[in-house]
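Participant: Take a look at this one; I'll ask things after.
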Amino acid sequence: MNTLVTGRRLARELGEWRSNAPAYKSLAERIRVLLMDGRLASGARLPAERELSQALDLSRTTVAAAYSKLRDDGFLDSVRGSGSTLRLPGRERGEHALHTGLPLDFTKATAPAYPGLQAAYAAAAAELPAHLGHDGFDLVGLPDLRESIAQSYRDRGLPTSAEQVMVTIGAQHALQLVTRTLYSPGERILVEQPTYPHALDTFSSIGARVLAFPVRQDGGWDLPEALLQIRRAAPTLAFLMPDFHNPTGMSMSVHEREFLAAAAAREGTVLVVDETTALLDIDRGPLPPMACFSPNILTLGSLGKVAWGGLRIGWIRGPRDMLAQILRNRPAVDLGTPLVEQLAATHLLADLPSMVASRSLDLRRGRDNAVSLLREALPQWKVRSPDGGLNLWINTETVSSSALALAARAEGLGLVPGPRFGIDGAFERYLRLPFSYGEGQMRDAVDILARLAGRVGSDPLRMPLQAVI
Ligand SMILES: Cc1ncc(COP(=O)(O)O)c(C=O)c1O
């Protein structure tokens, strides 16, 4: 069945959609922007005209004209009686626009595979026969891998036993398992604003009510606002990235960790701490993991950023009773983590310090190169140099990043615009730029950005349609 986008949700996603163009054109263009950058999926069903006209306080004729324009331009299929379905020309239903195939694809914050990966897989293949007596459905993880993961926490100063670890198929899967287990319909989830887009996707896929509190590059985590939200709305879960927050690259101070852990514990909110990027320290130095400050924290981890995204090994660290609950729910989602990857991950973890050191060197090079290129080519943009993570979170001050992303796509550069990281259409003037790509690629990307920044301007809707196809 096609996902139905409600009028209220669409109104939220649209953000500041009006421009100097007639309202129906502005609306159609804005919906197209949402489709192009993945905030609305190809195959999603738009609300009925009457519902959207009420949600936006617009005449029904305007909404009908906008839908009609989208239809004429090939972005909408309407069938009497079954509504209007978004369509990205040339793509299959449900596929996101972000799998670009563009020559300069900066839509993903990933890093190249660790050079020792092949050796780890070879060792894993050699060990496989010893595991073939196993039925292969491994819902908790191989004992040696769980122990290696536990050891990695002990090395960071957090006492952990193998029984407190469940191995998963990456951190995204871990988040899916946690959310499905702990969240019930009608409850609320607190997130940082901005946040990791696929966490928002996970929460919206179960219809969760999401609240947000700000993380600012110049002021950190807004603790009074977080406290207010936790007290007022009693969210079931709060999703946080204290170590190299995606996309800002910030890290929480020890005081912020203590404060948020205590506030959540008092109100019964479970903190889901995503540490997928925690090992990407460039020049910060160690800080205690958030779980040092409260026993009721679920920590998500992954080898995706230090080793390779394609490894698909992650984990959940948490109290045994919560892991037991997650384990009971897991078969509804999947039937276990593949064994060869787990064996390879065990070898990689034995090499963790050198893997982390090699990643850190590459990221330092990438970050410094990106920051200096951008500061030279676009001095009017505010580019903060983070001390970890994979991304720059750039405040362009005036440029619409949705329009910039559309224009860049026409030049072969894939970007994710700022609003993908927020709720309610926030961050239109921000751009997330991963710095983990090669020097030459970054130079080409910055050249394109510098060329387009002046042309695109601040209006998200000004780009001509033909520029993006
Ligand atoms: C914050 C965050 N969480 C989770 C993930 C997904 O991790 P994995 O590839 O292990 O599923 C990513 C990857 O981009 C991420 O940045």
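Participant: Can you run down the residue pairs with Cβ atoms below 7 Å, 6 or more apart or on separate chains, where the first is in region 264-279 and touching a residue at least 24 places away in the same chain (Cβ under 8 Å) and the partner is within 16 Å of the ligand (Cβ to nearest atom) and among the hydroxyl-bearing types (S, T, Y)?
Facilitator: V273/T299; D274/Y196; E275/T299; T276/S302
Participant: Hey, any hits in region 325-341 for a residue that's more than 21 Å from P159 (Cβ to Cβ) and within 12 Å of the ligand (Cβ to nearest atom)?
Facilitator: Yes, region 325-341 contains a residue that is more than 21 Å from P159 (Cβ to Cβ) and within 12 Å of the ligand (Cβ to nearest atom).
Participant: Could you check region 273-285 and list, in sequence order, the residues that are of a type in the set (V, I, T) and assigned to a loop (DSSP other than H, G, I, E, B)?
Facilitator: Passing the criteria: T276, T277, I282.
Participant: Scan region 70-87 residue by residue and report those that are surrounded by fewer than 20 Cβ atoms within 10 Å (Cβ to Cβ) and part of a helix (DSSP H, G or I).
Facilitator: Passing the criteria: R71, D72.
Participant: Related question: Count, please, the residues in region 222-239 that happen to be among the hydrophobic types (A, V, I, L, M, F, W, C) and either near the ligand (Cβ under 10 Å from one of its atoms) or over 24 Å from M322 (Cβ atoms) (or both). If you could, list the steps in order and put the result at the bottom.
Facilitator: Restricting attention to region 222-239, the residues satisfying the condition of being among the hydrophobic types (A, V, I, L, M, F, W, C) are 223, 226-228, 230, 233-234, 237-239.
Next cut, either near the ligand (Cβ under 10 Å from one of its atoms) or over 24 Å from M322 (Cβ atoms) (or both) only: 223, 228, 239.
So the count comes out to 3.
Participant: Can you pull out every residue in region 29-60 that is of a type in the set (D, E), farther than 18 Å from T85 by Cβ and either in contact with a Phe, Trp or Tyr (Cβ under 7 Å, 6 or more places away or on another chain) or open to solvent by 20 Å² or more (accessible area, probe 1.4 Å) (or both)?
Facilitator: Our first condition is that a residue be of a type in the set (D, E); within region 29-60, this holds for 29, 37, 49, 51, 57.
From the residues that got through so far, the ones that are farther than 18 Å from T85 by Cβ too are 29, 37, 57.
Residues satisfying the conditions are E29, D57.
Participant: Here is a further query. Do you know which of the residues in region 101-121 that are away from the ligand (no atom under 16 Å from the Cβ) and either in a loop (DSSP other than H, G, I, E, B) or open to solvent by less than 60 Å² (accessible area, probe 1.4 Å) (or both) is modelled with the lowest pLDDT?
Facilitator: Among residues in region 101-121 that are away from the ligand (no atom under 16 Å from the Cβ) and either in a loop (DSSP other than H, G, I, E, B) or open to solvent by less than 60 Å² (accessible area, probe 1.4 Å) (or both), the one modelled with the lowest pLDDT is G101.
Participant: Tally time: how many residues in region 186-220 are of a type in the set (G, A, S), closer than 21 Å to T3 by Cβ and either open to solvent by 50 Å² or more (accessible area, probe 1.4 Å) or within 16 Å of the ligand (Cβ to nearest atom) (or both)?
Facilitator: Start the filter on region 186-220 by keeping residues that are of a type in the set (G, A, S), which leaves 186, 199, 204-205, 207-208, 212, 219-220.
Within this subset, residues satisfying the condition of being closer than 21 Å to T3 by Cβ are 186, 199, 204-205, 207-208.
If we keep only those that are either open to solvent by 50 Å² or more (accessible area, probe 1.4 Å) or within 16 Å of the ligand (Cβ to nearest atom) (or both) too, we end up with 199, 204-205, 207.
Matching residues across region 186-220 total 4.
Participant: Considering only region 12-56, state which residues are charged (D, E, K, R), over 18 Å from I423 (Cβ atoms) and in contact with a helix residue (DSSP H, G or I) (Cβ under 9 Å, 6 or more places away or on another chain). Don't jump to the end; show me each part of the working.
Facilitator: Applying the first criterion (charged (D, E, K, R)) to region 12-56 yields 12-13, 16, 18, 25, 29-30, 32, 37, 39, 45, 49-51.
Going one step further and asking which of them are over 18 Å from I423 (Cβ atoms), we end up with 18, 25, 29, 32, 45, 49-51.
If the condition is that a residue be charged (D, E, K, R), over 18 Å from I423 (Cβ atoms) and in contact with a helix residue (DSSP H, G or I) (Cβ under 9 Å, 6 or more places away or on another chain), then R18, K25, E29, R32, E49, R50, E51 are the ones that fit.
Participant: Right, R365: open to solvent by 50 Å² or more (accessible area, probe 1.4 Å) and modelled with pLDDT of 95 or more or not?
Facilitator: yes
Participant: Quick one: would you say A174 is crowded, with 24+ Cβ neighbours inside 10 Å and in contact with a Phe, Trp or Tyr (Cβ under 8 Å, 6 or more places away or on another chain)?
Facilitator: yes
Participant: Which of the residues spanning region 294-310 are within 10 Å of the ligand (Cβ to nearest atom) and open to solvent by 40 Å² or more (accessible area, probe 1.4 Å)?
Facilitator: Matches in region 294-310: K305, W308.
Participant: Step by step: first the residues of region 130-185, then only those that are within 16 Å of the ligand (Cβ to nearest atom) and part of a loop (DSSP other than H, G, I, E, B), then the one that is nearest to H198 (Cα to Cα). Which residue is that?
Facilitator: Only one residue fits best here, namely G170.
Participant: Sticking with this structure for a sec: How many residues does region 311-321 contain that are away from the ligand (no atom under 14 Å from the Cβ), open to solvent by 60 Å² or more (accessible area, probe 1.4 Å) and in contact (Cβ under 8 Å) with a residue 24 or more places away in the chain?
Facilitator: Count: 1.
Participant: Go over the candidates A226, A238 one by one and state the one that is at pLDDT 95 or above, assigned to a helix (DSSP H, G or I) and buried (at least 22 other Cβ atoms within 10 Å of the Cβ). Show your work before the answer.
Facilitator: Details: A238 fails: assigned to a helix (DSSP H, G or I).
From the options A226, A238, the qualifying one is A226.
Participant: Run A263 past the list (1) more than 15 Å from the ligand (Cβ to nearest atom); (2) within 24 Å of the chain's Cα centre (by Cα); (3) open to solvent by less than 20 Å² (accessible area, probe 1.4 Å) and report the number of the one that doesn't hold.
Facilitator: Just one mismatch for A263, condition (2).
The values are calculated or read from the model by the stated rules, or taken from the named source; none is laboratory data. Just so it is clear, the model here is predicted, and its values are computed rather than measured. Neighbour counts are summed over all protein chains in view; Cβ atoms, including those assigned to glycine, are modelled from backbone coordinates with ideal geometry. Side chains included, ligands, DNA and RNA excluded: accessible areas come from the protein's heavy atoms. Shrake-Rupley method; radii C 1.70, N 1.55, O 1.52, S 1.80 Å.
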